[in-house]
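J.: Sending over a structure as structure tokens; questions will come in a sec.
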Amino acid sequence: MVVIGDILVSDEVVSEKFVCNLNACKGACCWEGDFGAPITNEEKQILDDIYLFIKPFLSVEGQEVLENKGKYTYYKQVEEWGTPLLNNAACAYLTYSELGIAQCGIEKAYLAGATHFIKPISCHLYPIRVKNEIAGYEWLNYEKWNICSAACSLGKDLKIPVFQFVKEAIIRKYGATFYEELDAYYQIHFAGKR
């Protein structure tokens, strides 16, 4: 584990390999699980503000849930806000490509230039999860999930560690200097090792 600024980073974030393999998993992380993707308080307001801009990029079922139940849900079991779920446990912001691969409707709207918000940071950082403070530190941890086994295999083949796979998201949340320090830690302790 390394401390960068006031952030604890699990060694698995830099030692484990990961590259999403959507052809294999079809984006299962968007429809598997018991809770929606974590949402920050700031993101709650953003989702309210951008809804009309992203609505055309969402499924009809997703629109109905978001308009009737709200743009986010409080999950008591984990004591956090998250994206609402459809009846089949899929994220309400989920859409599918022509190939049946899950896509984020928010991200589709972003790529089309309809909004400035790419997607919730928890989705952008995945498979890294931000845990609540531990002894005053925020903690970044690699979340292992069996549905991502193809991503682990592809990451090993390509030799890409988790933190490099989510470089854009790390810089978005913590800044370029944080990423550079994390990369320096990787180069010293893990680069070139199996």
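The values are calculated or read from the model by the stated rules, or taken from the named source; none is laboratory data. A quick note: this is a predicted structure, and the numbers were derived from the prediction, not measured. All Cβ positions, even for glycine, are placed from backbone atoms using ideal geometry, and neighbour counts span all protein chains on display.
J.: Exactly one of these conditions fails for residue 156: (1) outside any helix (DSSP H, G or I); (2) over 13 Å from the mean Cα position of the chain (by Cα). Give me its number.
T.: It is condition (1) that residue 156 fails.
J.: Quick one: how many residues across the range 159-194 are assigned to a helix (DSSP H, G or I) and free of Cβ contacts under 8 Å to residues at least 24 places away in the same chain?
T.: Residues in the range 159-194 being assigned to a helix (DSSP H, G or I) and free of Cβ contacts under 8 Å to residues at least 24 places away in the same chain: 11 in total.
J.: Provide a single number: the residues in the range 54-67 that are within 30 Å of residue 132 (Cα to Cα) and free of Cβ contacts under 8 Å to residues at least 40 places away in the same chain.
T.: Total meeting the criteria: 3.
J.: Here are 27, 36, 62: which of them is in contact with a Gly (Cβ under 8 Å, 6 or more places away or on another chain), buried (at least 16 other Cβ atoms within 10 Å of the Cβ), under 19 Å from residue 106 (Cβ atoms) and at pLDDT below 95?
T.: 36
J.: Which residues, counting only those in the range 126-143, are touching a Cys at 6+ places or on another chain (Cβ under 7 Å) and either among the hydroxyl-bearing types (Ser, Thr, Tyr) or at pLDDT below 90 (or both)?
T.: The answer is 126, and nothing else.
J.: Inside the range 111-147, can you point out the residues that are over 15 Å from residue 10 (Cα atoms), in contact (Cβ under 8 Å) with a residue 60 or more places away in the chain and in contact with a Phe, Trp or Tyr (Cβ under 7 Å, 6 or more places away or on another chain)?
T.: Correct list: 114, 115, 117.
J.: Now for a different question. Which one is farthest from the chain's Cα centre (by Cα), of the residues in the range 28-46 that are touching a residue at least 60 places away in the same chain (Cβ under 8 Å) and over 22 Å from residue 147 (Cβ atoms)?
T.: The residue in question is 46.
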